[in-house]
Amino acid sequence: AQKITQTQPGMFVQEKEAVTLDCTYDTSDPSYGLFWYKQPSSGEMIFLIYQGSYDQQNATEGRYSLNFQKARKSANLVISASQLGDSAMYFCAMAPGAGSYQLTFGKGTKLSVIP
Amino acid sequence: DGGITQSPKYLFRKEGQNVTLSCEQNLNHDAMYWYRQDPGQGLRLIYYSQIVNDFQKGDIAEGYSVSREKKESFPLTVTSAQKNPTAFYLCASSIDSSSSYEQYFGPGTRLTVT
């Protein structure tokens, strides 16, 4: 069974500062994928970034980067230069093997960006 | 524009009634999914479908049913057997379930049953 743990129910960050959202995972699968999604107050889920378990380098997408530490089973999301529009819920998720049809989500972290 | 549509955005029903939530996609994706989200929680998979006329149960399929008669449509029926149906329901799709990791989500339907 897979499990995703997000230990920060809420986080505050000053505008233009960087913030790290924590995610740890547990799986016995040798191959897996890790994802981060953003959920604004409107409700839709927006894909941010993906990291494969065999990827050697940390994934980056614009202001988003994933700090992947395989031995520690952590996949933290780093948002650089926070903007007011970054205020939202952030979910870490994991998929087993090569397929994405069984995403397991964490409970999320609510990020609030302060002007 | 390509995307996923879910209708309606808000839905109210009386207890004991079945209700069907719509999900349509024009992305030509093979795989489609239904998730449920409760307050303060992450998403949980209800059903998924990898191809037309085939679908599989997810983690919390009891009290729900689906059909996949067309590639672009994956309606979810919340039956009266579902003990606690009030929740936010999200539909998603991906190119396929074996090689594409990114799931695209619709705007969601908030169902309230009283």
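The table below gives the values:
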read-out: Value of relative contact order over chain B, rounded to a whole percent, pairs C-alpha under 8 Å and six or more apart; value: 35
read-out: Peptides ranked, highest mean first, by Cβ atoms within 10 Å: ranges A:7-13, A:82-88, B:105-111; value: B:105-111, A:82-88, A:7-13
read-out: Buried area at the A-B interface (accessible, heavy atoms, 1.4 Å probe, summed, Å²); value: 1800
read-out: Note, ³J(HN,Hα) from phi for segment A:19-32, Karplus 6.51, -1.76, 1.60, rounded to Hz, x at Gly and Pro; value: 9, 10, 9, 8, 8, 10, 9, 9, 7, 9, 6, x, 10, 7
read-out: Quotient of Cα Rg and 2.2 N^0.38 Å for the protein assembly as shown, N being how many residues it contains; value: 1.01
read-out: Net charge of Cβ neighbours under 14 Å - reference residue A:42; Lys, Arg +1; Asp, Glu -1; value: +2
read-out: Assigned charges on the beta-carbon of Lys, Arg, Asp, Glu; chain B dipole about Cα centre (debye); value: 460
read-out: Lysines whose Cα lies under 18 Å from that of residue A:70, excluding same-chain neighbours fewer than 8 positions away; value: A:3
read-out: Extension reserve of the residue A:28-residue A:60 stretch, reckoned as 0.36 nm per residue once the Cα distance is removed; value: 9.0 nm
read-out: Shape parameters for chain A, alpha-carbon atoms, Rg then Dmax in Å; value: 13.5, 42
read-out: The protein assembly as shown, dipole about Cα centre (Lys/Arg Cβ +1, Asp/Glu Cβ -1), debye to the nearest 20; value: 560
read-out: Solvent-accessible heavy-atom area per residue, rounded to whole Å², over the protein assembly as shown at 1.4 Å; value: 48
read-out: Global geometry of segment B:23-90, whether rounded, prolate or oblate, following the gyration tensor of its Cα atoms and the 1.5 cut on a/c; value: prolate
read-out: Alpha-carbon spread of chain B, three principal axes, descending order, Å; value: 40, 27, 27
read-out: Shape parameters for segment A:26-72, alpha-carbon atoms, Rg then Dmax in Å; value: 12.4, 36
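The values are calculated or read from the model by the stated rules, or taken from the named source; none is laboratory data. All of these numbers come straight from a predicted model, not from anything done at the bench. So basically every Cβ, Gly included, is an ideal-geometry build from the backbone, and we count neighbours across all protein chains shown. Accessible surface areas use protein heavy atoms only, side chains included; no ligands, DNA or RNA. Shrake-Rupley method; radii C 1.70, N 1.55, O 1.52, S 1.80 Å.
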